[in-house]
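This report refers to the structure that appears directly beneath it.
The values are calculated or read from the model by the stated rules, or taken from the named source; none is laboratory data. On a predicted model such as this, the values are computed, not experimentally measured, just so you know. Each accessible area value is taken on the protein alone, full model and side chains, heavy atoms only, with ligands, DNA and RNA left out. Shrake-Rupley method; radii C 1.70, N 1.55, O 1.52, S 1.80 Å.
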Amino acid sequence: DSKKYGNEITLTGKTPISKIMENPDEFVGKKVLVEGTIVDVCEKRGCWINLESDKEFESMRVKVNDGEIVFPMEEKGKKALVEGEVYSIVVEGEGCGGDCAKEGNEKENCEHEKTTKKVYQIKGLGAVIQ
């Protein structure tokens with residue numbers, strides 16, 4: 001039994017998540033069809049899922065507009081086919097990731113500079129989950 005979320009899927013050719021992750025800037029602004037196991041679901045609003053890549057230890061987030069599509073928590077662990085558009089966002093974080101105390105560093109030795117990194121996601125338009 002498949003459950004459909006959002007718009008109908010129109011693309012037929014799948015793009016491996018690993019291919020997007022290799023050269024993500026090539027895919028920004030393009031519609032893609034990806035497939036993977038759902039490894040995480042937004043607990044608050046169901047507004048995103050993380051899909052496992054075809055490459056080990058790699059995943060990609062599919063974000064949807066709040067309320068337009070709501071992914072239930074019980075979809076975790078199931079296969080999803082998702083159509084959407086690749087985009088990037090810049091996120092800020094702490095320089096040391098807050099691990100100073102764990103590493104035994106004195107606070108004054110740890111640089112708490114703000115860091116920024118570009119993260120690639122898929123704006124989910126439609127999904128089929130099995």
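General observations
- Legend: residue pairs Lys78/Lys114; Lys78/Lys118; Lys3/Lys44; Lys4/Lys114; Lys30/Lys79, Cα-Cα distance threshold 31 Å; pairs beyond threshold, Lys78/Lys114; Lys4/Lys114.
- Each residue of segment 113-123 is assigned a 3J(HN,Hα), and the resulting list reads 6, 6, 10, 10, 9, 8, 10, 9, 9, 10, 7 Hz, derived from the Karplus form 6.51 cos²θ - 1.76 cosθ + 1.60 (θ = phi - 60°), x at Gly and Pro.
- Choice from Gly77, Gly36, Gly67 with maximal GNM fluctuation in the chain (Cα, 10 Å cutoff): Gly67
- Remark on Gly126: its backbone amide H falls under 5 Å from those of Asn7, Glu83, a criterion applied only to residues 5 or more positions apart or on other chains, H modelled at 1.01 Å from N.
- Surface share of carbon and sulfur [accessible, 1.4 angstrom probe, percent] for the chain: 45
- Solvent-accessible surface of segment 1-44, averaged per residue with a 1.4 angstrom probe and all protein chains in place: 67 square angstrom.
- Cα centroids of segment 1-47 and segment 64-83: 10 Å apart.
- Phi angles across segment 54-63 convert, under the Karplus curve 6.51 cos²θ - 1.76 cosθ + 1.60 with θ = phi - 60°, into 3J(HN,Hα) values of 6, 9, 4, 6, 10, 8, 9, 8, 10, 10 Hz, Gly and Pro given as x.
- Rounded to the nearest whole Hz, the Karplus-based 3J(HN,Hα) values (6.51 cos²θ - 1.76 cosθ + 1.60, θ = phi - 60°) of segment 5-14 follow the sequence 10, x, 6, 5, 7, 10, 6, 10, x, 7, with x at glycine and proline.
- Max mean-square fluctuation residue, GNM over the chain, Cα-Cα springs under 10 Å, options Val34, Val90, Val64: Val90
- Each Cα pair of the chain feeds into the Kirkwood radius, which the Stokes-Einstein equation turns, at 20 °C and 1.002 mPa s, into a diffusion coefficient of 134 µm²/s.
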